[in-house]
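Structure first, then comments.
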Amino acid sequence: MAENNDTGNGTDARSGAGAGDSNDSSSDDSITSGGGAVSSPTSRRALLLAAGSAGAAAVLSAACAAPAGTRGAAGVPSASPTRPPTATPPETAEAAAPACVLAVGAGAGPYYLDLDLVRSDITQGRGGVPLRLDLTVVRVPDGCRPLADAGVEVWHADADGAYSTGKDTFLRGTQITDRTGRCVFHTIVPGWYAGLAPHIHFKVRPDTRTETTSQFFFPENLLTQVYTRRPYARRTAPEHPNRRDSRYRATGETMTLALTPDGNGYRAAYTVGIA
């Protein structure tokens, strides 16, 4: 699953600006088959993770063998991605057993920033439909053993389709997994931009030397409902926000979050498998 071609300079990701995610195979954030990309050992995050699970195996971007219907997925979402968001209550969703499959790799795009923002709430005043994202990181070769002390970063566009860049830091953050391999982010459902399916980027760093990068998508029927609400309704939403994106049509379903109602927003749980 690759990012679409784009030469945006990272200063504006709004719809129509022509600054989308790029297919940057030369980036240090890319995943190479059979090994993880090397992250800088000089960052403050590297020092933070040094106390974690150093010496872990390199992350693979290709999916390993999995049961029919789950091959290539980062893990089984809390409910089927094709179901309406009201189909599965959150308590049932959290009880779902993770699938022992590797995460599908994807590029980080031009809007990745190597920041040290260890925080759970990443909204930073940005309006939108609330989203609680519960992630669990597991080791696939160890029978989906939960991985503690792994750094997990997320970043995505706001309701207007813009990313934080430069000195702005909204809708970006890092969490360290607990002893059960879990971490939680409080954010919003992202808006759309540049002809791409709405998505949330994420990066998992099990140690200071390896990482995996990918992204989550959303059920299209849920997006069309969300985009009728403010502040998204300030713009005219695309009729089919997912199907217009070739990368989503190719592999998006395996990385689609299953959302369940949670207060005035939604909640999703997902298990990310790494080597």
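What accessible area per residue comes out for segment 100-153, rounded to a whole number of Å², with a 1.4 Å probe?
Numbers: 1860 Å² over 54 residues.
Accessible surface, normalised per residue, equals 35 Å².
Summarise the accessible area of segment 214-275 (1.4 Å probe, protein heavy atoms) by the percent that is carbon and sulfur.
Values: 1170 of 2530 Å².
Carbon plus sulfur share of accessible area: 46 percent.
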Inset, instruction - Apply the Debye scattering formula to segment 129-192, with a single equal point scatterer on each alpha-carbon and no solvent, then give log10 I(q)/I(0) at q = 0.20 Å⁻¹. - result: -0.80
Inset, instruction - Quick one: go through segment 112-145 and flag any residue whose amide nitrogen is under 15 Å from the point 7 Å out along the Cα-to-Cβ line of HIS186. - result: 119-134
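The values are calculated or read from the model by the stated rules, or taken from the named source; none is laboratory data. Please read these numbers as outputs of a predicted model, since none were measured by experiment. Methodologically, a virtual Cβ is constructed for each residue, glycine included, from the backbone with ideal geometry; neighbour enumeration extends over all protein chains shown. Heads up: the accessible areas ignore ligands, DNA and RNA and are worked out on the full protein's heavy atoms, side chains in. Shrake-Rupley method; radii C 1.70, N 1.55, O 1.52, S 1.80 Å.
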